[in-house]
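Everything on this sheet refers to the single structure shown next.
The values are calculated or read from the model by the stated rules, or taken from the named source; none is laboratory data. Because the structure is a prediction, the values reported are computed rather than measured. Methodologically, a virtual Cβ is constructed for each residue, glycine included, from the backbone with ideal geometry; neighbour enumeration extends over all protein chains shown.
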Amino acid sequence: MTMRTPIQINDFLTNPIQIWQRQAMLLCAGDFSSGEFNAMTVGWGSLGIMWQKPFAQVVVRPSRYTRKFMENYDSFTLCLFPEEYRKEVLLLGRVSGRDGDKIAEAGFNPVKSEIVAAPGFKEAELIIECSKIYFQDMDPKGFLDSEIEKGYPENDFHRIYYGRIEAIHGCESYRV
C-alpha cells in the first residue's frame, strides 16, 4: 500500500492529462457507513477552478449502475491507483455492480473518507474527495465537432457532474 498523507489544494501537483488518459482511476459514489456504494473506471473528466472553487468533473452514462449512486448521494471520490492495479481497475469498468460485488472481486478494500460519505480505497495512491455542486446532461446540439456524436449511437449521452474538491490524500509525488 502506498502511504497517503493530506495534501492542501495549493500544494497539489499533477498532470491532469496524464491522470485521465494514462493512469488507472475509479469514480466511487454512495455512502461508506451504510455499505451502499459503487465504483466504476473513469477516463474522462477534468480538474480546475469553477465558481472560485477547486473542482473535479466527471461524466457518467445513464446505463451505468454507478449513475444511481451519483444521483442519490451528495459526494463522490476519484481514486488513482498505481500501475500494478490497472487490471483490477479495468475490471470495475467491464463488470457491473448490479451483478455482484465487483469491488471484492477486484480485491480492493474500501476505506472511510475524511470528509465525504463516499469511500476511497486502501490501495489508491491518490484520493480526491468531492461534494457535488452541479450537474447537467450533455446536449448533442452543443457538439461542435461532428465526430463526438458518433460515440453515442444509442443517444445515451453522459450526465456531467462537478464536485467541489473537499480533501486530497496522496503520496508525495502529488505534492509540490
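Out of region 124-176, which residues are more than 13 Å from the chain's Cα centre (by Cα), buried (at least 20 other Cβ atoms within 10 Å of the Cβ) and assigned to a loop (DSSP other than H, G, I, E, B)?
Once the filter is applied, which keeps residues that are more than 13 Å from the chain's Cα centre (by Cα), buried (at least 20 other Cβ atoms within 10 Å of the Cβ) and assigned to a loop (DSSP other than H, G, I, E, B), region 124-176 yields only 125.
List pairs: first residue in region 95-120 and among the polar types (S, T, N, Q), second residue surrounded by fewer than 15 Cβ atoms within 10 Å (Cβ to Cβ) and outside any helix (DSSP H, G or I) anywhere in the structure, Cβ distance under 8 angstrom, at least six positions apart or on different chains.
Pairs that qualify, where the first residue is among the polar types (S, T, N, Q) and the partner is surrounded by fewer than 15 Cβ atoms within 10 Å (Cβ to Cβ) and outside any helix (DSSP H, G or I), are 109/122.
May I ask you to say which residue of 29, 124 is within 17 Å of residue 158 (Cβ to Cβ), aliphatic (A, V, I, L, M) and touching a Phe, Trp or Tyr at 6+ places or on another chain (Cβ under 9 Å)?
Sole residue among the options that is within 17 Å of residue 158 (Cβ to Cβ), aliphatic (A, V, I, L, M) and touching a Phe, Trp or Tyr at 6+ places or on another chain (Cβ under 9 Å): 29.
Look through region 85-109, keep the residues that are surrounded by fewer than 20 Cβ atoms within 10 Å (Cβ to Cβ), touching a helix residue (DSSP H, G or I) at 6+ places or on another chain (Cβ under 8 Å) and assigned to a loop (DSSP other than H, G, I, E, B), and return whichever of them is modelled with the highest pLDDT.
By that ranking, first place goes to 107.
Which one is surrounded by the most Cβ atoms within 10 Å (Cβ to Cβ), of the residues in region 26-73 that are without any contact (Cβ under 8 Å) to a residue 60 or more places away in the chain and among the β-branched types (Val, Ile, Thr)?
66
Among the numbered criteria (1) in contact with a His (Cβ under 7 Å, 6 or more places away or on another chain); (2) without any contact (Cβ under 8 Å) to a residue 60 or more places away in the chain, which one does residue 87 miss?
So residue 87 meets the others, but not (1).
How many residues are over 18 Å from residue 122 (Cβ atoms) and in contact (Cβ under 8 Å) with a residue 24 or more places away in the chain if we restrict to region 11-25?
Matching residues across region 11-25 total 7.
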